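Shown next, in structure tokens, is the structure this report addresses.
The values are calculated or read from the model by the stated rules, or taken from the named source; none is laboratory data. Bear in mind that the values here come from a model prediction, so they are computed numbers and not experimental data. Positions of Cβ are generated from backbone atoms using ideal geometry, with glycine treated the same way; all protein chains shown enter the neighbour counts. Side chains are part of the model used for accessible areas, which takes the heavy atoms of the whole protein and leaves out ligands, DNA and RNA. Shrake-Rupley method; radii C 1.70, N 1.55, O 1.52, S 1.80 Å.
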Amino acid sequence: MAELFDEGKLKNVLFDMVEEYKSSHKNLEVTVLKQPYKLEGERITFLLNGEIQQDIFNKNRPEVLNTLRRKLNNYNISIAAQIQEDAVPDGQKLYTSTDKLNYLLEKHGALRELQKKFGLETDF
């Protein structure tokens, strides 16, 4: 009989898988597993950023699915991927490199530290 699981159990299993992949230096797979996901019953849909992540997901799908099924003790689990592009707010078009950088700086605070650390500029 399939064991029921909730988002808490799923998060714990995904965390363990990420740690296991990190120790195996599977950094691309770690990135995919750290993406947001939707849990609908026994279906897990990973929300990916683009085709590269989807290719990585598809290559590792059988391994990830088997691990999730085994660790959650539920063989009815299914997984899928959906590309979810980051939408630019209406009316805000990003034409220049500076516009794009400013948009990303707002969205991802750690990017500003990388910019300072490496002295990155958009205009050259």
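Data for the structure
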{"quantity": "Amide hydrogen neighbours beyond the local backbone of residue 44, cut-off 5 Å, H modeled", "calculated": "78, 79, 80"}
{"quantity": "Per-residue SASA entry for residue 61, accessible area with 1.4 Å probe, Å² rounded to 10", "calculated": "80"}
{"quantity": "Value of relative contact order over the range 1-102, rounded to a whole percent, pairs C-alpha under 8 Å and six or more apart", "calculated": "29"}
{"quantity": "Distance cut-off 20 Å, percentage of C-alpha pairs in the chain lying past it", "calculated": "55"}
{"quantity": "Heavy-atom accessible area ranking, 1.4 Å probe, most first, across 37, 21", "calculated": "37, 21"}
{"quantity": "Average accessible surface area per residue within the chain, 1.4 Å rolling probe, Å²", "calculated": "71"}
{"quantity": "Residue-level accessible surface for residue 22, protein heavy atoms, 1.4 Å, Å²", "calculated": "80"}
{"quantity": "With at most 10 other Cβ atoms within 10 Å, longest stretch of the chain clear of loop GluC sites (Glu not before Pro) (DSSP)", "calculated": "4-84"}
{"quantity": "Entries in 11/116; 9/38; 22/116 that, when Cα-Cα distance is taken, lie over 23 Å", "calculated": "11/116; 22/116"}
{"quantity": "Rounded percent of accessible protein surface that carbon and sulfur make up, the range 13-123, 1.4 Å probe", "calculated": "49"}
{"quantity": "Area projected by the alpha carbon convex hull of the range 1-53, averaged over all directions, nm²", "calculated": "4.3"}
